[in-house]
Amino acid sequence: MPDISLTMIVLLCVAALAAGWIDAVVGGGGLLLLPVLLLGLPANTPAAHALGTNKAVAIVGTTGAAVTYARKAPVDVRTAVRIGLAALAGSSAGAFFAAGMSTEVLKPVIMVVLLGVAAFVILRPAFGTAPATGPATRRRILAAIGLAGLGIGFYDGLIGPGTGTFLVLALTAVLHLDLVTASATAKIVNCCTNAGALATFAWQGAVLWQLAALMAVFNLAGGTLGAHTALKKGSGFVRIVLLTVVFALVGNLAYEQWIA
């Protein structure tokens, strides 16, 4: 355990709880958890340790949310795992290219895309509110594997912020899922990508396991609570949280691009 004050440990645990809730409802919990870790850890802590610890915490909450959703939501686990394996491959490829590419060039593009997504969701009130009409066709499943798996997985490895939110949007649009079922499916996909990333960070020795274990307890509680909240409140509630997270992501990217 690094030398961190008790007050900061409490703040980190509260952030883990809140991030787990946000991530379970609509994705994007890393927007809160990673910056808090970067600020809370001692100044001489390598950034990789914050990233690795973040993954160790997040995978626990994501798994708890996925299990809760799988028990109560109509999730096609087989399809979700297939997309998740594709996302794992895409994420590995994105990480490979990230070393030679400036993400500063891509951030404005991502912001424009997110604002377009927000406008679409606002102008289409019925988006993601209607229940799925039936099993997805083979063509739609292949499209989801390509877009939500390989495409968004590649983005996760290349840049990362908002991956869960992009997954929810893509799964809703391609597979014609309601937002609750899309969030449930996205959690299973996230489990696959988080597992791959965590294995890499653990192999590099870049995980603060004691701190991660403590924060993971709160993240698990937040993730489980968030899944129950989404199931209880329905797609209309998830839509509101989705728009909130999208605008928060745009603000975060804009801050990193032009202010930080």
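The values are calculated or read from the model by the stated rules, or taken from the named source; none is laboratory data. A quick note: this is a predicted structure, and the numbers were derived from the prediction, not measured. Cβ sites come from the backbone with ideal geometry, for glycine too, and all protein chains shown count toward neighbours. When the accessible area is computed, the model is the full protein with side chains, heavy atoms only, and any ligands, DNA or RNA have been set aside. Shrake-Rupley method; radii C 1.70, N 1.55, O 1.52, S 1.80 Å.
A few points about this structure:
- SER91 exposes around 20 Å² of accessible area when a 1.4 Å probe is run over every protein chain in place.
- Once the Cα-Cα distance is subtracted from the 0.36 nm per residue extended length, the ARG71 to ILE4 segment shows a gain of 20.3 nm.
- Where the chain is the region considered: accessible area per residue in Å², 1.4 Å probe: 46 Å²
- Largest first, the extents of the alpha carbon coordinates of segment 163-208 on the three principal axes equal 41, 13, 13 Å.
- Förster radius 41 Å - calculated FRET efficiency between TRP258 and ALA126, Cβ distance, rounded to 0.05: 0.70
- Estimated from helices alone, the mean residue ellipticity of the chain at 222 nm is -26500 deg cm²/dmol (sum of -39500 (n - 2.57) over DSSP H runs with n ≥ 4, per residue).
- Each label point was placed 7 Å from the Cα along the Cα-to-Cβ direction; for LEU142 and GLN210 their separation is 5.3 nm.
- Of the DSSP H helices in the chain, those whose Cα atoms cover at least 15 Å axially and whose Kyte score averages 1.6 or more: 6-26, 103-123, 163-175
- Segment 180-248 and segment 33-63 have Cα centres spaced 14 Å apart.
- Lysine pair count for the chain with Cα-Cα distance under 24 Å and sequence separation of 8 or more or different chains is 7.
- Beyond 22 Å, the tail of the calculated P(r) for the chain holds 52 percent of the Cα pairs.
- Stretchable slack from ALA119 to ALA202, in nm (0.36 nm times residue separation minus alpha-carbon distance): 25.9 nm
- Expressed per residue, the C-alpha convex hull volume of segment 180-260 stands at 126 Å³.
- Protection proxy ranking for 184-190, 74-80, using the average of other Cβ atoms within 10 Å per residue and placing the highest first: 184-190, 74-80.
- Lys, Arg +1 and Asp, Glu -1 on Cβ, resulting dipole of the chain about Cα centre, debye, nearest 20: 880 debye
- Label point distance in nm, THR229-ALA93, each placed 7 Å from Cα along Cα→Cβ: 3.6 nm
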